[in-house]
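The values are calculated or read from the model by the stated rules, or taken from the named source; none is laboratory data. Treat the numbers as computed from the prediction; the structure is a model and nothing was measured. Here the Cβ is made from the backbone with ideal geometry for all residues, glycine too, and neighbour counts use every protein chain on show.
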Amino acid sequence: MVDALPIGAAIFLGSELTIGAVNYQMLKIWSKDISVIDKTLHDAIPEIRDQGFNKLLVDVLNTGEEYHEPNGKAFIFENGNQVLKYFDFSFKALKDANGKIYGVVNTAVETSEKVYYQEKLEQANEEFLSLNEELSASNEELKSAYDEVDAAYRKLSITETKARMLLEGAPTAIGLIDADNFKIDSANEKLLQLWQINDAAIGKSLDAVLDQEVSSGLISIIHRVKLERKSIYGQDIEVAQRGDISFSRYFNFVYQPVLDELGNVISVQIVANDVTAQRNSKLEVDNALIQLNLAKKAAHIGVFDLDVASDTLYWDENCRKIFGVKASKEVRYTEDFLKGIDPEDRELFITSIRNAYNDNRYEGSFDVEHRVIDAMSGNICWVRTVGQVYFDEENVPQRFIGTIVDISESYKARKKLQENEEKLQNFNEELTVMNEELNSLNEEYQVTNEELISTNEELLALQEERDRLHQELSIKEERLRFAMKAADVGTWDLDVANNLVTWDDRCKELYGFSKNDVVPYDEVLRYMHPSDMPFVNEAVKRALDPSSKGSYDIKFRTVGAEDGRVRWLHCCGKAFFKEDGTPYRFSGIAQDITETQALLREVESTKNNLKFAIEAANFGTWHLNTNTNKLDVNDRLRELFALPDDGEVTRADCVAMITEDHRERVSKAIQATIQSGGNYDVSHTVRRKNSDDVRWLRAVGNVKADEEGKLTAFTGVVLDITEQKLDEQRRSDFIGIVSHELRSPLTSLNGYLQILTMKANKAGDQSTLDLTGKSRRQVDRMSALISGFLDVARIGEGKIKLNLKSFDMAELVKAAEEESLATITSHTIMFHPVLFTPVTADQDKIEQVLVNLINNAVKYSPHNSVINVACVTVNGRAHVSVSDEGMGIPAKDLPHIFNRFYRVESEATKSTKGFGIGLFISKDIIESHGGKIGVESVVGKGSTFWFELPVDPTPQ
Ligand code: ADP
């Protein structure tokens, strides 16, 4: 049965893939004979070992899954040569009754030609014709194969299972129909598919499962096979529709009788081979032929056919045209074909032919572009020759068939294009090179540019820095110039190596040397003060020694070279050294400090004087830093304040030593001075050391401010005024006692005089009355004097009491006038009219002042001179003045005239009685009223004493 199949079939058994059965078709495919039976696949066909079939087979064995490949490639040995072929093949697992896989059935139909023709379709029409022939031959072969199958069928006795498996596995539709009742004995999958029925139909009659039309057709064929007892073939039978499914496929059918021993047809086998693909190929070939012919006409394709063995060449009219060969001329490959090819391309052509003839790699194909020389015109044209060499069984080339197409135009165009492309290419390359050069130039340029930019930036920055420095320098130079000018500074520069000094005009001036700008150093030295020269020399030497770092700052004297003047100079300089330590330059400035030096000396001596004075006067001194509160005191102050001899003392320590009755006042005064500045002048007592006695001290000081006006130090001196105080006390005590002792007898005297006056009045004793009158005036004077002394004493003790009331100054002046008129006859006293001038004061005491001033005017001015008394209101003050035409007061005495016991020392005053207390008391009275008292006086012309008191505000 395997042999009967129209396709290659083989069975491989077991994992060794032992060939259990193989049909003739398969052997042909393999190029083997029947001896392969029972051999392993590997041993039987060693050449296919590495083509992957083994693995596929083993996979099917292992998995049971069918493997099918419609156009599988296989390299098969034919006549000792390996040939590539294509097969529609399948591997299907064979299972026993238990479903165990025991082998693989392999079916294969060669499709090489189909593939081949499909691939080469457009190459040549003859080829397609030949394919058709081949196909026809194949068909023939197939037919004969069917016959063989038919013959073999009867002989075959393989197990039903194997047959079924084979049937199942075949890609061909196979089935067996009972010839008597038309029941389906068996039908493989493909047949069932073809009929569009399933395996339930097996065992049933054809007319029961198929369309009426189909089944009656089949039944009539089976009838014929039964009658004729031979196979009936159907070729290219179209099966257009089965059931509802519409499709169009073509089949080659074989209806084959199966005979029993008696030669009766018991069943009919149906084999249907799907030839749709082949048929379509054939149709395609037909179409291609038509198209090729059309193309031939349109594109002047020449067709040639060379019989290689006989060297007979067939050229169609197009070929002849291309080669310039007459239609009638018989042509040959070597004489016409080869000779017509341009000598330059001939070798390529021959080589390509040889390859097509000999080399399997090219599979006979030929495709060359070459030039052809027209045999008649000698013109050259470009053609493309495409051909195919056909070989015989022995692989000897038989035919070389192909086409020739004139491609001159397209060649030219291509050539042109190529040239253009080459040009373009060259141009491009040039461009690329140029571009690269440009790029590298660009990069260089870029780098240079960047460098330039950064250099530029650096330069700019440097320039800016330089400009800035220049500016700074010029500002500094300017400043220096101004400063030097302002400071009157001269500059000098010593060239150390040559011992030459370069100096400016000012410097020359300072040395009193006006001649040269450059002088030897020795000459400069000559104008130093002799006493300072060694010291200057030493300082210069030190500056020129590297260990001194070159600094030079000294003060010395010069003696002017021309004017002989001694000047104090302050020289500052700096020496500059080389790396080896030798000085190469030494320059600096010189400044005239003669005046400063003189001032300094003066300050020094003043300081010394002060020190001596302080020491001589036995002053205590203090210096309080108001910021740090640090107090410095001298020993004398410690002594005066009874402070410890050494160690720190504080302001509080000092204040603590002040007696309680003065402490608060002094403390406040200190505070006020420190806060507000100004002078400080305070007297107070401190308790003496180890004693209950007190010491009177007077402290005088002030607060110093720094440059910003901030108060920083409170300094001053303290002097012991105990003796002075005691003197004052003693004097005042004395005055008190004296006044009292004087007043008592005067009181008695006054009493006696009153009695005397009364008696004289009674007696009418005029002379006694005169005497008692005079006595009483003297007693009054004496009383006034004593009152004055008492007042002074009281002032000293601060015990004057004011009896304030508001009164009219006009009244007061009037009272004084009345008293004066009564008592003074020696002078003309002019009382100027006084307006109503209300003041609040102690009337008696103010009157006392005015009377005192009038009396003084009388006392210190000549007889019969005029005394003017006036009271006017000026700026809200009652201004009372007493002017005389007397001796006046010398200027030197004026400041002291209101002091206690002060009297002008002169011949004139000597003769005038007085104690120098009247003005003192007057001043005290006026000032205790908040008023002022003063005097203007010209010696020999007269004096004007005046006082002022505030006028009461006028009630509105
Ligand atoms: P006394 O007149 O008792 O000496 P005063 O205190 O009144 O004391 O005067 C003090 C001194 O002032 C006098 O000694 C005198 O030298 C001078 N003095 C006062 N008034 C006048 C005056 N009008 N003209 C000149 N000198 C005067």
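For residue 816, are the conditions met, namely being modelled with pLDDT of 90 or more, more than 15 Å from the ligand (Cβ to nearest atom) and of a type outside the set (Val, Ile, Thr)? When the stated conditions are applied, residue 816 passes them.
Return a yes/no flag: does the range 824-843 have any residue that is out of contact with any strand residue (DSSP E or B) (no Cβ under 9 Å at 6 or more places or on another chain), within 15 Å of the ligand (Cβ to nearest atom) and touching a residue at least 12 places away in the same chain (Cβ under 8 Å). There is at least one residue in the range 824-843 that is out of contact with any strand residue (DSSP E or B) (no Cβ under 9 Å at 6 or more places or on another chain), within 15 Å of the ligand (Cβ to nearest atom) and touching a residue at least 12 places away in the same chain (Cβ under 8 Å).
Of all residues in the range 897-947, those satisfying the criterion of being more than 12 Å from the ligand (Cβ to nearest atom) and in contact with a helix residue (DSSP H, G or I) (Cβ under 8 Å, 6 or more places away or on another chain) are 925, 926, 929, 932, 947.
Which residue is farthest from residue 669 (Cα to Cα), if the candidates are limited to the range 692-712 and must be among the hydrophobic types (A, V, I, L, M, F, W, C) and surrounded by fewer than 19 Cβ atoms within 10 Å (Cβ to Cβ)? Checked the range 692-712; the qualifying residue farthest from residue 669 (Cα to Cα) is 694.
Is it the case that residue 743 is outside any loop (DSSP other than H, G, I, E, B) and under 30 Å from residue 618 (Cβ atoms)? Steps first, answer last, please.
Numbers: outside any loop (DSSP other than H, G, I, E, B): yes; under 30 Å from residue 618 (Cβ atoms): no.
When the stated conditions are applied, residue 743 does not pass them.
Of the residues 940, 916, 930, which single one is buried (at least 16 other Cβ atoms within 10 Å of the Cβ) and in a loop (DSSP other than H, G, I, E, B)? Result of the check over 940, 916, 930: 916. Among the conditions (1) among the aliphatic types (A, V, I, L, M); (2) at pLDDT below 85; (3) within 30 Å of residue 275 (Cα to Cα), residue 93 misses just one, which is (2).
Please state which one of 765, 780, 720, 727 is within 30 Å of residue 700 (Cα to Cα), surrounded by 13 or more Cβ atoms within 10 Å (Cβ to Cβ) and among the charged types (D, E, K, R). The match here is 720. Annotation note: Cβ proximity below 6 Å between a residue of the range 846-860 that is under 14 Å from residue 830 (Cα atoms) and a residue that is within 6 Å of the ligand (Cβ to nearest atom) and at pLDDT 95 or above (sequence gap 6+ or interchain) occurs for 857/884.
Looking at 641, 612, can you tell me which residue is in contact (Cβ under 8 Å) with a residue 40 or more places away in the chain and of a type in the set (Phe, Trp, Tyr)? Explain how you work it out, then say what you get.
Values: 612 fails: in contact (Cβ under 8 Å) with a residue 40 or more places away in the chain.
Criteria check complete, one pass: 641.
Restricted to strands (runs of 3 or more DSSP E) entirely inside the range 422-536, no element has at least 1 residues that are at pLDDT below 75 and of a type in the set (Lys, Arg). If the condition is being touching a helix residue (DSSP H, G or I) at 6+ places or on another chain (Cβ under 6 Å), of a type outside the set (Val, Ile, Thr), within 13 Å of the ligand (Cβ to nearest atom) and within 30 Å of residue 953 (Cβ to Cβ), then the range 851-894 contributes only 852. If you check every pair at least six apart or on different chains, which have Cβ atoms under 9 Å apart with a residue in the range 907-935 that is free of Cβ contacts under 8 Å to residues at least 12 places away in the same chain and among the acidic types (Asp, Glu) first and a residue that is near the ligand (Cβ under 9 Å from one of its atoms) and assigned to a helix (DSSP H, G or I) second? Qualifying pairs under 9 Å: none.
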